[in-house]
Structures are given as structure tokens and as C-alpha cells.
Amino acid sequence: MRLALTSDTLSMEDLTLLAENEITDRLAAVEGVADVQINGDQEKIFRIDINQSKLASRGLTVANLRTGLASASMDVPAGSLTSADQDISVRATADLQTPEQFENLILGNNVRLGDIATVTLGPDIGTSSLRSDGRQGIGLGIIRQAQSNTLDISEGVKKAVTTIAEILPQGTQIKVTSDDAVFIEGAIHEVEIALVASVLIVTLVIYMFLLDWRATLIPTLTMPIALIGTCAAIYMAGFSINILTLLAIVLATGLVVDDAIVVLENIVRRRGEGMGPRAAAVLGTLEVFFAVIATTATLAAVFVPLSFLPGQTGGLFHEFGFVLAFAILLSAFVSLTLCPMLASRMLKPHSENHGHTGFMGRIGAFAAAFYKRTLRACLNSPLIVFMVAIMVTAAGAGAFTLLKSELTPTEDRSRIMVRVQAPQGVSLEYTQAQMRRVEDGLKPLVDNGEIANVFSVSGQGGSVNTGFMVLTLAPWSDRDRTQQQISADITKITANIPSIRAFPIQPNSLGIRGAGNGLQVALVGNDYAKLGDAASKLVRQMEDSGRFENVRLNYEANQAQLSVTIDRERASDLGIDIVGLSSALQAMLDGNSVLDVYVEGESYPVKLLSTTNPVNDPTDLQNIFLKTGDGKIVPMSTIASVEERAVAPQLSWNRSCAQSPFRRD
């Protein structure tokens, strides 16, 4: 379940505080919720923007700045004053809570922080960005607890959302963008319809052959009793009502009446011979007792082993096999107890004659005569029967080899996920721009009502070059096309956007289709360069074969990297502490978090960064200033060299050798 928090009046940092302080705790308090994940948040921080030239002109380095800021959040218990009548605690504070207080901080030699840097309280540089229906906001992902009920969680979260909406500031909205419970409720409703239809059809079929409402009512009554008992067995076994258990119940609807029909037919036959109701019920049941037991044991022996299959198949059919076995065993018990009792009280004498009159009686007589003739012909020509059987078997085997094979069928869950990947080394802003282009391409589908909501995250998973979209489709009754047809259009739309690769993913109820990963192959060896070359050749051959699509190679040396090589001897001769160099590099590039300060109970990180003289060129790294042992300020190029190279963003490894994996969707 996913929610989006958007606002027309609040800034992103204030929206983040609202989500963290007011919303996540309320959602996490819903029964069954394990955690609430936040996407696209930008926390409020103190940004210390360093002017490198001013810092160097005063003989200071980033290391000196870090030392001076170490006491910015000083708040310690100093002890207590104790007298004969009272005990007074002593608390020593020297914390900084405003940008002005930070800028007045003395670093040494009458140099204040404001002389060499600008301090602001504002949003952090985000690593991800979220948009819901074209509006930037905060994403909230609901993670359910193990063994919890998705429907109960959905209902609880919706109630919490209604309560939260009443306390939100004006211009701020929170809404549910995708909910798995919608599909689950729809699927359960469809199964309920199938269950009712199956009961009615089974009852109709029984009546068509027995043509006696009393005789039809007896096996019909055994169905709900056996199915209710099956539900009790599901509860006692610790299972739940889900798609597979409901499927087992639907299949059991036809199976649970088989034994009752066998017992009833024999009792009716005995009644037709002139026996009394109780004698016919007892004798008729005893005659088929072992046949019913044998049939039940045979069916149970078929379904129970399904529950012990290994791997994903076993996990899939674990509950399915046991539920069917429960239903069959209960049907045998009901057939041998309830059915004879009802037959002894409800059947009329000589009720076997009812089948020889009326329209259905004539159809039955015609079917019996046809069966008699065909049976005689088959018995007189056994060779032809065997030849036909062999031909049908061969045709079935041939058709089996031609059919498409897959673990689970495709579903229309009214939801499509799209994984977007931009080139390595791009910025978050570039990924955001490409995600907006994807949103623009999907606008025709939104305008015609097929897509109800677009939920997109740029920088998904902490990687700024990846994105993730959740497209909630309109309800099934409000659209003419299937999810698969819409997904094909999305593939065509994203294929026309250059510099990105987009992969629509259609999840299913079981979650075992590999999340769009398809076939995965790994080349192993000890040399990444050779592995990369071999994998690239293999990928090209797979693409040229025409049998694969969306072939991706995980190992690609396309991530630009600047390697800073430090001359340790030179640094030692000049008395430069290379530990301070790492702090300077982090501050100049990504921003270095120094400490946290508390303002009115809220924690705010303090980060060092430099935008006055931005480092946006490899040569700028060489101009970062360092302090020598004799107090002189020298550029980093004095002790280090910078080299640009291309590397793989990530490497795979197992116990024996390196891997170069690729996949086919």
C-alpha cells in the first residue's frame, strides 16, 4: 500500500517534518503495520557554505572548522549543588540554534564562522525525489507484518488517513495511490461468485439426473456442511482465507457431493426394490461403504503430496492440497452419516420410477440407448479402440510440447510498475527530468482514464540514476483494454525516450515471477575486464538472435570516477595530515555532516559544503587548500594527482570467482 503527501503551501523540508512527526507514527500504529517507509523526503539542516578562498586567506582548513564546530551542541549535566535543605542540578549549555548564532562562532584569531562561510537553515540535498500525479511530495509505503491481514490493514490505514486529513494544514493533501487490498477484495468477490455458481450448477445437474427434488436436496445439503467443516479445518490448521484456499473450496464443491450421490443412488435402488426407509438406508450404505472409503483415500492420496512439494511449488500448493484433502475427508464422513439419515426420512416409496417420464426422462432413455450401442461396438472392436486411444494420446503429447510454459498465468491487477534506468554517472536532476518525460508520454493514457494515478520515485534505492513508477489503472469496469494491452503501449512510449531504459513490470498474486528479472545468467572468472568483454559479446548475440528482448548487462564500466592518488612521502615532508584531506574532500563534494543540534526538541544535522567555489571540474579538486606543518596553505595538487577513469558501479562476487551477470526480461 502506498500513499502520497503533497502540499501547495509547505516547503519540502516542512512537509518532511510533518510526515515524520505527525503521520508516520499514526500509520505505524495501525494494527498489522510493521513499518512505514518514506520516499522523497528532504530533511531540514544547517548548511555551512564554505568560501575556500576566505578560509585559506585566514590560515584555516576544513579540519580547523570541524574542530571549532565540535562544541556547537554543548549541553551537558555538570552535577548538582547540595545543601541541608535542597538539591539543585547544574546544567551547562552552549548550544547554537540559529544561523546567526552559528555565524558568530569564534574559530580562533578573531575569526568568526560568518567571515569564511554562510550559514542557512534549509533543505538537504536529496538523494531521491517523488512525484504523485505531477506534483512533488512525500511517498509513504506501508509494510505489513508477517501473518497480518492485508484487508484489515487497508481498512485501518484508510481510517487513519481520514483522521490525518482533518489535522493537515490548508493546501496539504494525503491520499492512497495504490492498494493491494482492492485486487484482493475483487478476487475474493469473484471467487464467491464462482462458489455460488458452482453450488447452483451442481444442484441443477443432480436434479436433471434424479428428477426428484427430495432426492436432490439430500446431496445438496451435504455441500454446505462439508464446506463449513472445511473452513473450520482451515482455522484449526492455522491457514487463512486466500486465493488458493478459496480455489480449493471451489474445486471441492463438485467433489464433496460425489460420495453423497453414490450413497443416495444405492439407497434409492434399495427403496425401489420394496425395502423400508430405514432398512434401505442401512443396507444401501453398507454396500457402498468400502467403495466410498476407497475413493476418499485415493483422492486424499493424490492431493496431500502436493503440500509437501519442495521449493516455490511446495509453498504455492501447501495450503491448497491440505484444504482439498480436508474437504474430501469431511465429504466422506457426511455421506456415510447425514446422507443415510436424510434418505430414510425424505425419500418416498418407489421414487425410482420418476426417471422414466417427462422430457428429461426421454433424454435419459436416449442417452442410455446410445451408450449401450457404443459400448457394444467398442467391445466388439478392441483393436480400433486401442488405436484411437494411442492416436489421442500422441496428439495430446504433441499439443503439450507446443503450448507455452510458465509458472503462473498473467493477471490484471490494475497496477503496472515501471523500472527506469538512466546512464551511470548522471545527476538526480537528470533522472528527474527523464522521469518527467516518461510522465508526459503517459499523459494520453491518463487523459483517457486508463491510468488513474502516477506515482514516481527518482533515485530509487539510493541510486540517483534509477527510478521507479507505480501506475494505478482505472477499475476493471471503467476501461475497455486489459492491463497487458496497456503495458504494451507503455513499452512503446518509453522506447521513444532516449538515454533511458524502462521495463514495465506486471506483478501477480504470488509474487514469484522474478519481479521482471526473467532469465538470469552469470559468467564467472577471475578477471573483470575479460568477463565484461565476453558478456558484451554474448549480449549482442542474444539481441541479434531475435529470441530475447530487453537484454541487460549488470557489469558495465561506464561510471566515471576520479582517482585522487596521494603522495604519502610528499605529504609527510610538508607535515600535512592526510586524514584532514578526506574531510575537506567530503565537504567540498557531497557535504560532510559534522554533528546534530537540537532546536525546540527537533534534531537538525549540520553539514559542511562549498557552493561559492563549486567543485564541478576535475582540476577544481587540485585547488582544495591544505595546511602544512609550518602553517602555510598549499593546494592539494602539491601532494596529490587526479586521474579520470571509467569503472563499473558495482561488482558481483562469489566464494570462488568474480561474476558478470546479465538478464533477459
Original post:
Based on the alpha carbon coordinates of the range 1-121, what radius of gyration and maximum Cα-Cα distance (Dmax) apply, in Å?
Top reply: 21.3, 62
Original post:
Taking the range 223-305 as the region of interest, what is the percent of Cα-Cα pairs per 10 angstrom bin, listed from the shortest bin to the one with the maximum distance?
Top reply: 16, 37, 28, 15, 4
Original post:
Which order, highest average first, do 75-83, 115-123, 532-540 follow once you tally other Cβ atoms within 10 Å for each residue and take the mean per peptide?
Top reply: 115-123, 532-540, 75-83
Original post:
What angle, in degrees between 0 and 90 and rounded to the nearest 10, separates the Cα long axis of helix 311-346 from the longest principal axis of the Cα atoms of the chain?
Top reply: 30 degrees
Original post:
So what does Glu192 come to for accessible area, using a 1.4 Å probe and Å² rounded to 10?
Top reply: 100 Å²
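Given the convex hull of the Cα atoms of the range 423-487, what is a quarter of its surface area in nm²? Don't skip to the end; give the middle numbers.
Values: hull surface 19.0 nm².
Averaged projected hull area, Cα only: 4.8 nm².
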Subject >> Solvent exposure ordering (accessible area, 1.4 Å, most first) of Arg413, Arg547, Arg345 >> reply: Arg547, Arg345, Arg413
**OP:** Just the number, please: Stokes-Einstein D of the range 49-106 in µm²/s, Kirkwood Rh from C-alpha pairs, 25 °C, 0.890 mPa s.
**Re:** 173 µm²/s
**OP:** Set Lys and Arg Cβ to +1 and Asp and Glu Cβ to -1, take the dipole of the range 1-68 about its Cα centre, and tell me which of Asn21, Val36, Gly59 lies farthest positive.
**Re:** Gly59
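If the convex hull of the alpha-carbon atoms of the range 186-270 is projected onto planes in all directions, what is the mean projected area in square nanometres? Can you show the working numbers first?
Details: hull surface 22.9 nm².
Over every viewing direction, the Cα hull of the range 186-270 projects on average to 5.7 nm².
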Original post:
What is the helix-to-structure angle for 382-402, meaning the angle in degrees between its Cα long axis and the longest Cα principal axis of the chain, kept from 0 to 90 and rounded to the nearest 10?
Top reply: 10 degrees
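Please give the charge dipole size of the range 155-305, origin at the Cα centre, charges +1 on K and R Cβ atoms and -1 on D and E Cβ atoms. Round to the nearest 20 debye. Before the final figure, lay out the partial values.
Working: 8 positive and 13 negative charges, 78 e Å.
It comes to approximately 380 debye.
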Original post:
Where does the Debye-calculated log10 I(q)/I(0) of the range 23-63 sit at q = 0.23, 0.24, 0.35 Å⁻¹, using only Cα point scatterers of equal weight, no solvent?
Top reply: -0.84, -0.87, -1.15
**OP:** Take every Cα-Cα distance within the range 109-151, group them into 5 Å bins from 0 onward, and report for each bin the whole-number percent of pairs it holds.
**Re:** 5, 12, 12, 11, 11, 11, 11, 8, 7, 5, 4, 3, 1, 0
Original post:
Compactness ratio of the range 85-143: Cα Rg over 2.2 N^0.38 Å, N = residue count?
Top reply: 2.02
**OP:** Taking just the C-alpha trace of the range 193-342, give me its Rg and Dmax in Å.
**Re:** 16.3, 57
Original post:
Amide H to amide H under 5 Å from Ile45: which residues, 5+ apart in sequence or cross-chain, H placed 1.01 Å off N in plane?
Top reply: Gly122, Asp124
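Per residue, how much space in cubic angstrom lies within the convex hull of the C-alpha atoms of the chain? It would help to have the intermediate numbers written out before the result.
On the way: hull volume 196.7 nm³, N = 665.
Measuring per residue, one finds 296 Å³ for the Cα hull of the chain.
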Original post:
Any idea what the dipole of the range 39-125 comes to, in debye rounded to 20, about its Cα centre with Lys/Arg Cβ at +1 and Asp/Glu Cβ at -1?
Top reply: 460 debye
**OP:** Quick one: angle between helix 150-167 and the longest Cα principal axis of the chain, in degrees between 0 and 90, rounded to 10, please.
**Re:** 40 degrees
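Provide, as a two-decimal number, the C-alpha radius of gyration of the range 379-490 over 2.2 N^0.38 Å, N being how many residues it has.
Values: Rg = 24.2 Å, N = 112, 2.2 N^0.38 = 13.2 Å.
Normalised Rg, Cα atoms only: 1.83.
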**OP:** For a quick protection proxy, order the peptides 315-323, 394-402, 494-502 by their average other-Cβ count within 10 Å, most packed first.
**Re:** 315-323, 494-502, 394-402
Original post:
Which ³J(HN,Hα) values, rounded to whole Hz and listed in residue order, are derived for the range 361-367 from phi using the Karplus coefficients 6.51, -1.76 and 1.60 in 6.51 cos²θ - 1.76 cosθ + 1.60 with θ = phi - 60°, glycine and proline given as x?
Top reply: x, 5, 5, x, 5, 5, 5
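Where nothing but the Cβ of Lys and Arg (+1) and of Asp and Glu (-1) is charged, how large is the charge dipole of the chain around its Cα centre, in debye to the nearest 20?
Working: 52 positive and 67 negative charges, 664 e Å.
In debye, rounded to 20, the chain gives about 3200.
When you count, for each residue, the other Cβ atoms within 10 Å and take the mean per peptide, how do 228-238, 31-41, 262-272, 377-387 rank with the highest first? Each step should come with its number before you reach the end.
Values: 228-238: 14.5, 31-41: 17.5, 262-272: 21.8, 377-387: 10.4.
Packing proxy ranking, top to bottom: 262-272, 31-41, 228-238, 377-387.
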**OP:** Work out from phi, with θ = phi - 60° and the Karplus expression 6.51 cos²θ - 1.76 cosθ + 1.60, the ³J(HN,Hα) of each residue of the range 81-88, listed in order in whole Hz, and give x for Gly and Pro.
**Re:** 9, 10, 10, 5, 10, 8, 10, 10
Original post:
Any idea what Rg and Dmax come out to for the range 170-233 if you just take the C-alpha atoms, in Å?
Top reply: 20.2, 69
Original post:
Structure shown: which of Lys404/Lys537; Lys54/Lys627; Lys44/Lys607; Lys443/Lys492 lie over 18 Å apart, alpha-carbon to alpha-carbon?
Top reply: Lys404/Lys537
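So what is the relative contact order for the chain, in percent, with contacts set as C-alpha pairs under 8 Å and at least six apart? The partial results should precede the final answer.
Numbers: 1053 pairs, mean separation 106.6, N = 665.
Value for the chain: 16 percent.
The values are calculated or read from the model by the stated rules, or taken from the named source; none is laboratory data. This one's a predicted model, so the numbers in the text were calculated from it and none came from an experiment. Ideal geometry is used to build each Cβ from the backbone, glycine not excepted, and the neighbour counts take in all protein chains shown. Just so you know, the surface numbers come from the protein's heavy atoms only, side chains and all, with ligands and any DNA or RNA stripped out. Shrake-Rupley method; radii C 1.70, N 1.55, O 1.52, S 1.80 Å.
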